[in-house]
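Each remark here refers to the structure printed beneath this line.
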Amino acid sequence: MAVLLRMPRYGANMEEGTLASWLAAEGDAVSAGDVLCEIEIEKLSNELEAPEDGVLRAILCPQGETLPCGAPLAVLAGADEDISALLTDVSADADVPDEVPGSGSGSGSGSGSGLRITPKALVLAEELNIDYRSIAGTGILGAITREDIRAWAGGKASAKAVNTKKPDELSKPAETSGPAGAANAVKPSESRNGARMSTIRKVTARRMMESLSGSAQSTIMMDADITDLVKAYKVLKPVFAADGIKLSWTAVILKAAAETLTRHPGIRTIIEGGELLTTYPIDIGVAVDVDYGLVVPVLRKLDAKPLKTICRELAAAIDRAGGIWDRKNLPRLLSIASIGYAECEVFHSDP
Amino acid sequence: MARKLSYAKAINEALHQEMEHDPSVFILGEDVARMGGDFGITQGIWHKWPDRARDTALSESAIIGLSVGSAVCGLRPVAELMFADFVTVCYDQLVNNAAKIHFMYGGEASCPIVVRAVTGSGIRCAYHHSQSIEPWLMNIPGLIIVAPATPYEAKGMLISAIRNNDPVVFLEHKLLYNRKGEVPVEPYEIELFKAEIERKGDDITIVATMRMLDLAHAAAKELENEGVGVEIIDPRTLFPLDKRTIIESVAKTGRLVVVQEGPKVMGFGAEIGAMVSEEIFEYLRAPIKRVTSLDVPIAFSPELEDYVNPTMDHVLAACRSVMSF
């Protein structure tokens, strides 16, 4: 089955991307998951993977070119498969990369475009004003399903999509937009600011609430003497800097937290499926403030990593955070937020 | 090596080769031995294996009862029902014995019978010799219902059916007997539970069996001129059904038309439509359509017989209606 690869959309704000480099050449046989090319968006770089096995038959975007999301990049197909129809389609829609495949009436159900979306998912995506083209479909033949759209929209979309069928869900949008609107307001009186919540803000809000309701809350505060730690920090900082590595207190706290969690299995025990699960290895999320919301990249296997590695990975994660919104890597145990820059004395956030 | 054989001759060859291949295979039925069968399908077998070809009394119940008993004792009978309509006479043997034995004996006994049944309308044989009996049997788990459409399928699927350890009802459409097609000389098997995608297309999936495939292909050619791509699927085995092939096709096209000989009510089109609607409703772009015979008995009058059965125009109309939905 020939697949047309398009400029993906990493994160809701991405409009265009630059094809930094091709890692596969025309005629190369590739397997699902192989990296085909690197795509740069402002300050970050992402790898585009082959969605399935096949041969990279045609490269449609030269290296260095900047194209809008959804623009054709390449054709992946069987070695002898006829891709002429696909290439004709591409040249036909080259000027209008935003055309919605599969929405036309009559013939051509969009199945030849390489992007599949079910009719009902398409309706939902249009209702929610979601650009679905970069959403990975989990349906039959890789089709984007309503579930995929809902997952992308952070789950809240379902209430609106089924408003004629499930009246019990109708109240939900009001519930969520009320408090969120109030929280965003600057004036002391309650007011709605009129702006729709962006998808990422919806997800942030939902995840914070899930985290809150999913854990038993308690707060412990204690003083610790970190004189020696501060000394070590001061010694290490220039040493790391000589290697081009920025040592931050966040990294130090990550390391300390990883050590603590390793030594005390009780703290890293969660309830999952009604059973106690002592998690391992130690993965910790780091809250990163980005222009349009909050993202929490997860650093993996911290117990096994030296401080230098943690510093490097932390820097990379923060750098990437502006563009990546990875739904698969959710912190399930611990997240760290550093708000020292805000000059607050106590920051209390149970989530 | 392949050469052209008729559907009837392909079945005959499969029977000869399986008689040769396995001494536990034997044939029985009304006039199947000396005469070689009412439609000539069993010709030549009695001459070669007089002990393994039995003419029976005019009793379908005895034919299938004898088959079930001998199968449980280790033989592989291939029984012929001269007209599938008379499955009613041996229904108890098929439904309450053949289909259940493997389960009742906890898998220790099995009932490897093949019931060749001549089905369908179109030769002016009137009420009792023209029915499409698929749904009468599809509701009986334990029976395998096979419906080959081409000489190639008829030979390969009959060999698979004879070698299968479960009871198989092997439907032969009387209007297809003279249909010619490429058939390899050597014995070969065709997987029983695998649908065949006969034609690729992106816009409509047509599911059809046996004679109805002709209508589907004719309609597909016509629709091609209108820019509509039709994918044609022949389930080949109606129970157990290869759901996956159908589902993947309809998930792609979003439109399903089932073309079925036989009354609309409770036909296999109803089952396939319900299955698709249940499993992948989200993918549908239009309502599922069935093109079937009318809900009346097949009449003796040639004009009425033709009137009752679906035509290519009916298929075209159904396809256009799902495209313009």
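Key figures for this structure:
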item	result
Among B:223, B:143, B:192, residue whose mean-square fluctuation peaks in a GNM of chain B (springs only between Cα atoms under 10 Å)	B:223
Two-site label geometry, residue A:260 and residue A:82: point separation in nm, points 7 Å out along Cα→Cβ	6.6
Helix B:7-21 vs. chain B, principal-axis angle (Cα, 0 to 90°, nearest 10)	40
Net lengthening on full extension, residue A:220/residue A:319 (0.36 nm per residue, minus Cα-Cα)	32.5 nm
Whole-Hz couplings from phi, Karplus 6.51/-1.76/1.60, listed for the stretch B:98-108; x for Gly and Pro	3, 6, 9, 4, 4, 6, 4, 9, x, x, 7
Chains B and A together, accessible area buried on both sides, 1.4 angstrom probe, square angstrom	1400
Of B:180/B:264; B:48/B:174; B:155/B:221; B:155/B:180; A:120/B:289, pairs whose Cα-Cα distance is over 21 Å	B:180/B:264; B:48/B:174; B:155/B:221
Members of the stretch B:265-296 that become less accessible by 40 Å² or more once partner protein chains are added (1.4 angstrom probe, chain alone as reference)	B:282, B:283, B:285
Additional length obtainable on full extension of the chain from residue B:197 to residue B:221, 0.36 nm per residue less Cα span	7.1 nm
Per-residue [θ]222 nm for the protein assembly as shown (sum of -39500 (n - 2.57) over DSSP H runs n ≥ 4, rounded to 500)	-9500 deg cm²/dmol
Taking the stretch B:196-323 and dividing mean pair separation by its residue count, relative contact order in percent (alpha carbons under 8 Å, at least six apart)	28
Peptides A:251-262, B:197-208, B:146-157 ordered by average Cβ neighbours within 10 Å, highest first	B:146-157, B:197-208, A:251-262
Average other protein chain Cβ within 10 Å of Cβ, residues A:137-144	3
Size of electric dipole in the stretch B:1-58: Cβ of Lys, Arg +1 and of Asp, Glu -1, about Cα centre, debye, nearest 20	260
Residues of the protein assembly as shown: accessible area per residue with a 1.4 Å probe, Å²	49
Cα long-axis angle, helix B:212-225 against chain B (0 to 90 degrees, to the nearest 10)	30
Selected from B:233, B:209, B:301, residue furthest toward positive end of dipole (the stretch B:196-323; charges at beta carbon)	B:233
Point-charge dipole on Cβ atoms (K/R +1, D/E -1) for the stretch B:125-206, about Cα centre, debye to 20	260
Fraction of beta bridges assigned by DSSP in the protein assembly as shown that are antiparallel (%, nearest 5)	50
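The values are calculated or read from the model by the stated rules, or taken from the named source; none is laboratory data. Just so it is clear, the structure is predicted and the values come from calculations on it, not from any experiment. Glycine also receives a Cβ, built like all others from the backbone with ideal geometry; neighbour counts cover every protein chain displayed. When the accessible area is computed, the model is the full protein with side chains, heavy atoms only, and any ligands, DNA or RNA have been set aside. Shrake-Rupley method; radii C 1.70, N 1.55, O 1.52, S 1.80 Å.
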